[in-house]
Amino acid sequence: MKNILDRNQNKAEEVRSLLREKKVMMVNIISSPGAGKTTLLERTCESLADKIRIGVIEGDVATDRDARRLQKYDIPIVCINTEGGCHLDSHSISKVLGHFDLDHIDLLFVENVGNLICPSQFDLGETFKLAVVSTTEGDDKPAKYPMLFTGARAVILNKTDLIPYTNFNAASFETDIVSLNPGITIIKTSATRGEGIDEWLGWIITQLKSFNAS
Ligand SMILES: Nc1nc2c(ncn2[C@@H]2O[C@H](COP(=O)(O)OP(=O)(O)OP(=O)(O)O)[C@@H](O)[C@H]2O)c(=O)[nH]1
Ligand SMILES: [Mg+2]
Ligand SMILES: [Zn+2]
């Protein structure tokens, strides 16, 4: 395992320096299956695809359904089928970067395979990780799966519209996250209804500006 992670890390650093040279900010989106990663990307492309040059790498175990959902936004998309693999690694990202015209992309989203565990161990060369948690999964997920939350720059708490139908405790969710990672940003959204999406869009634009200024 250590050898695998070391080799992954070396390739991730290569990817990171290529993206830095090309001024591409890469965001590695990680969540359990169904938390709302693709829906968040749909909302993001809807609002930003005509202002910011967006690209997407869709990591999926099987099918190209998520990539198809994003096709209507007329952005470059590459689908990686892991054929059973439960995470993406930096070698698979490095291989597909050649399919993008990196001189004409500002923001590259990677939708990782739905899984809260190993995707957080594999650096892809991203600028930062974005965690997505949905309210129906329970407020205890950050404490039970800490690795993602200690490493992420922000967490989207999605499906806030469903809180009335669950026992989700937002205060205890936030306390657990902040104790793991005091600097993390928490954004509450309903990706289907639109609440919180403007805050998310404002935040991602600010990240892009500071990436380009650094
Ligand atoms: N009620 C509600 N449903 C949502 C919300 N966001 C996403 N969904 C629904 O949740 C389901 C899963 O959403 P996806 O966006 O496909 O989730 P995902 O994280 O991309 O799923 P995988 O790629 O399979 O891991 C879909 O039926 C969405 O319509 C939300 O904010 N509220
Ligand atoms: Mg998806
Ligand atoms: Zn895995």
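Every number here is computed from the coordinates shown, using simple stated rules; none is lab data. For clarity, every value in this text was computed on a predicted model and none was experimentally measured. As a convention, Cβ positions derive from the backbone with ideal geometry for all residues, glycine included, and neighbour counts pool all protein chains shown.
Some notes on this structure:
- Kirkwood Rh and Cα Rg combined as Rg/Rh, region 122-214: 0.98
- Leading residue at positive end of dipole, the chain (Cβ point charges), from Val113, His91, Leu162: His91
- Charged side chains reduced to their Cβ positions (Lys and Arg at +1, Asp and Glu at -1) give the chain a dipole of some 200 debye around its Cα centre.
- Build a GNM of the chain with springs between Cα atoms under 10 Å apart, and of Ala154, Ala171, Ala131 the one that fluctuates most is Ala171.
- Over 27 Å [Cα-Cα, the chain], rounded percent: 27 percent
- Three-way shape call for region 1-128 based on the alpha-carbon gyration tensor, with the a/c threshold at 1.5: oblate
- Tilt relative to the chain, helix 197-213 - C-alpha long axis, 0 to 90 degrees, to 10: 40 degrees
- Listed residue pairs exceeding 19 Å between alpha carbons, taken from Lys51/Lys209; Lys2/Lys95; Lys188/Lys209; Lys23/Lys129; Lys51/Lys72; Lys2/Lys23: Lys2/Lys95; Lys188/Lys209; Lys2/Lys23
- Centre-to-centre separation between the Cα atoms of region 22-79 and those of region 135-199: 20 Å.
- Rg(Cα)/(2.2 N^0.38 Å) for region 87-168, N = residue count: 1.29
- Structure remark: mean-square fluctuation, Gaussian network model of the chain, C-alpha springs under 10 Å; the largest value among Asn115, Asn181, Asn169 belongs to Asn169.
- Each Lys and Arg adds +1 at its Cβ and each Asp and Glu adds -1 at its Cβ; summed about the Cα centre, region 33-98 shows a dipole of about 160 debye.
- Within straight-line cross-link reach of Lys37, aspartates and glutamates at Cα separation under 13 Å, skipping those fewer than 8 residues along the same chain: Glu58, Asp60, Asp66, Glu111
- Within region 163-189: backbone nitrogen closer than 19 Å to the Thr136 label point (7 Å, Cα to C-beta): 163-170, 188-189
- Acute angle (nearest 10 degrees) that the helix 37-48 long axis makes with the longest principal axis of the chain, alpha-carbon atoms: 70 degrees
- Assigned charges on the beta-carbon of Lys, Arg, Asp, Glu; region 1-63 dipole about Cα centre (debye): 260 debye
- Where labels lie 7 Å past Cα in the beta-carbon direction, separation of Gln9 and Thr63 in nm: 3.7 nm
- When the Gaussian network model of the chain links Cα atoms closer than 10 Å, the mean-square fluctuations of Gly36, Gly98, Gly196 top out at Gly98.
- Among the GluC sites (Glu not before Pro) within region 165-214, those in coil by DSSP and having at most 14 neighbouring Cβ atoms inside 10 Å are Glu195.
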